[in-house]
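What follows is calculated from the coordinates using simple rules that are stated; it is not laboratory data. Computed from a prediction, not measured in an experiment: that's the story for all the values here. Cβ placement follows ideal geometry from the backbone for every residue including glycine, while neighbour counts extend to all protein chains displayed.
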Amino acid sequence: MTRRRRFLTAVASGTILGLAGCNSETFGPSERQLDARRTALQERNDAVVRMVTPDNTFEPATVTIGVGERVGWINDSEWGHTVTAYEDGIPDEAVFFTTGEYDTERAARDAWPDGDLEVGETYEHTFEVAGEYDYFCVPHEDEMVGTVIVKDE
């Protein structure tokens with residue numbers, strides 16, 4: 001084998017091995033990892049909402065739970081999304097909720113894109129007060145809105 005061929009073989013082998021070391025986690029979780037996260041989320045929560053594209057929606061858009069129960073959200077989308085309560089869309093006695101753990105709707109809006117859930121990330125919230133809770137995704141508010149109905153059982 002000539003010196004040039006040995007060099008090219010070594011370069012090609014190194015490139016192949018280097019690429020083989022790449023995994024899907026570099027570009028986000030694999031479908032198998034997402035399935036495991038969805039399953040774990042379902043086991044820990046009373047309702048699960050998925051954030052999906054290309055329509056930028058919460059699925060389901062409305063969930064109904066009892067007081068003291070928890071909802072989990074998972075980003076199954078290719079873009080970052082938030083879960084942000086409308087301050088005037090939750091019961092007066094209720095605790096405001098948002099990804100990023102901001103204290104107000106304004107703070108969550110101002111901090112965006114901080115507070116985004118990236119692909120495969122989750123968020124959970126326990127609802128202690130009966131009533132309707134309207135929420136939205138900060139960057140996709142025109143189409144991405146949802147409601148949690150909490151019943152006093």
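Side notes on the structure shown:
- Gain on full stretching of the segment that runs from residue 50 to residue 126 - 0.36 nm per residue minus C-alpha separation: 25.7 nm
- A Cβ-based charge dipole, computed about the Cα centre of the range 20-153 with Lys and Arg at +1 and Asp and Glu at -1, lands at about 500 debye.
- On the beta carbon distance between residue 78 and residue 153, with R0 = 30 Å, the FRET formula returns roughly 0.20.
- With the simple model of a label 7 Å out from the Cα in the direction of the Cβ, residue 110 to residue 39 spans 4.4 nm.
- Rel. contact order, % - alpha carbon contacts under 8 angstrom, at least six apart, the range 28-151: 31 percent
- Principal semi-axes in Å for the range 95-153 [√(5λ), Cα gyration tensor, largest first]: 21, 13, 12
- Spin-label model distance (nm) - residue 61 vs residue 118, 7 Å beyond Cα toward Cβ: 3.1 nm
- Across all directions, the shadow cast by the convex hull of the range 28-151 built on its C-alpha atoms averages 6.8 square nanometres.
- Amide H contacts of residue 47 (H built 1.01 Å from N, in plane; Pro and chain starts excluded): 70, 72 sit under 5 Å, all sequence-distant by 5 or more or on other chains.
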